[in-house]
Amino acid sequence: MMESDNGRQKILVIDDEANMCHMLSAVLKRAGYSVDTATDGQAGLQQIGREHYDFILCDIKMPVMGGMDFLRAAGARVGQSTVIMMSAYGSIDAYANVARCIRHIMALERRPDALLVSGDLTHYGTHEEYGRLRELLGTLTMPVYLIPGNHDDRGNLAESFPDHAHLQRGADALCYAIDMHPMRLIGLDTVVPGAEGGALGSRQCEWLESRLSAMPDQPTIIFMHHPPVETGIRNMDEIALDGAGVEALSRIVARHAQVKRVVCGHVHRDIHALWGATAVSVCPSAAYQARFTLGGEFEPAAGEHPAYHLHYWNGRELATHTITVPR
Ligand SMILES: [Fe+2]
């Protein structure tokens, strides 16, 4: 394999999604590569006319010139470069979708008192991704509460939000209770590092039991990443909260009638279920929805809009609205 640019191998990233280019570039540079980017196949052709690249990462779906057309037009010019075609997220720009949802929330005639973000705040858990998320969330005027999902890095998350005092750096789980709103908010960290599925350890369960026992009359929302209910979507049910976690959490919640809702993420679809004496709401994704399937692979649904839940509390009932945000 050839080496160039002061011994570093060179990579060209061709992708029309600015966020994907930025993220791949940051990750690859940190891994020691020299990285250039291009926003479509045409720009990529010009780039390989000027430089030799050891690797070319190329999106398939792009305006002006797509990945397959780039490959055909490049012909022998790709030379000894290793070309990797990418298609997993098609034309979905998750960053732009989240930004759109945030603008939508800020434009509501009555803004919510708080924003809960139920995990998978990034795709790779890098400081660069959390930095971009900070910029996005910085435009909100209400308090924001974060918990990690399986795509997050607990340590990097806590380090990236040092002003969130409840996210304790070095903690083996980011669990916390917020008592400054009409409803008590309890964030539960269900992440198992390196695994897609979730779990609740005995220390988390003891912590939750003690918090709920301390304020039995205070209406409470528990928010966490992995749902404790079977959704019927087999590929996601296989990586939901594990059986022991479901059993432990259901026993705790059954003892505390003040838990008005368990709010989750992870599935990228809008799902509600009665669960014992409470209800579970799985929030649709502000980034992109997953294609509905009861048995197939997880696949982004390019045709569905980003969305979020708005929970309305009147002191007695908690009504949940699903808000879709057109692109
Ligand atoms: Fe997830």
task = First select every other residue whose beta carbon is under 12 angstrom from the beta carbon of I271; then total the charges, Lys and Arg +1, Asp and Glu -1.
result = -2
ask   = When a footprinting reagent is the concern and you count Cβ atoms within 10 Å, what order do V27, V280 take, fewest first?
value = V27, V280
key: For segment 258-327, convex hull volume per residue from C-alpha positions, Å³   = 87
ask   = Which angle between 0 and 90 degrees, to the nearest 10, do you get for helix 41-50 versus the longest principal axis of the chain when only C-alpha atoms count?
value = 50
ask   = When N counts the residues of segment 10-86, how does its alpha-carbon radius of gyration compare numerically with 2.2 N^0.38 Å, as a ratio?
value = 0.97
message = What's the ranking of 251-261, 185-195 by average number of surrounding C-beta atoms within 10 Å, highest first?
response = 185-195, 251-261
inquiry  = Give the residue list of GluC sites (Glu not before Pro) in segment 209-257 that are DSSP loop and have at most 15 other beta-carbon atoms within 10 angstrom.
reply    = E230, E238
task = Collect residues whose amide H, placed 1.01 Å from N in the peptide plane, falls under 5 Å from the amide H of T37; neighbours closer than 5 in sequence don't count.
result = V13
inquiry  = How tilted is helix 202-214 with respect to the longest principal axis of the chain? Cα atoms for both, answer in degrees (0 to 90, nearest 10).
reply    = 50
key: Dipole magnitude of the chain, debye to nearest 20 (Cβ charges: Lys/Arg +1, Asp/Glu -1, about Cα centre)   = 580
The chain, helix-only ellipticity at 222 nm - DSSP H runs n ≥ 4, -39,500 (n - 2.57), divided by all residues, nearest 500 = -8000 deg cm²/dmol
inquiry  = Taking the number of other C-beta atoms within 10 Å as the exposure measure, put I222, I105, I11 in order starting with the fewest.
reply    = I105, I11, I222
inquiry  = To make sure I understand, if each residue's beta carbon is the centre and we count other beta carbons within 10 Å, what order do V13, V64, V325 fall in, fewest to most?
reply    = V64, V325, V13
remark   = Long-range share for segment 94-324, i.e. C-alpha pairs more than 26 Å apart as a percent of all pairs, stands at 32
Eligible aspartates and glutamates near K29 by straight Cα distance, threshold 17 Å, same-chain separation 8 or greater = E3, D5, D15, D54, E128, E129
ask   = How far is helix 18-30 tilted, in degrees, relative to the longest principal axis of the Cα atoms in the chain, given as a value from 0 to 90 rounded to the nearest 10?
value = 80
inquiry  = Spelling out what I want: for every residue of segment 172-187, take phi, set θ = phi - 60°, compute 6.51 cos²θ - 1.76 cosθ + 1.60 (Karplus), and round to whole Hz; glycine and proline get x.
reply    = 7, 7, 8, 10, 7, 10, 10, 10, 10, 10, x, 10, 6, 10, 10, x
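Taken together, the values in this text are just the output of simple stated rules run on the coordinates, not laboratory data. Model, not experiment: these values are computed from the prediction. Glycine gets a Cβ as well: all are built from the backbone with ideal geometry, and neighbour counts include every protein chain shown.
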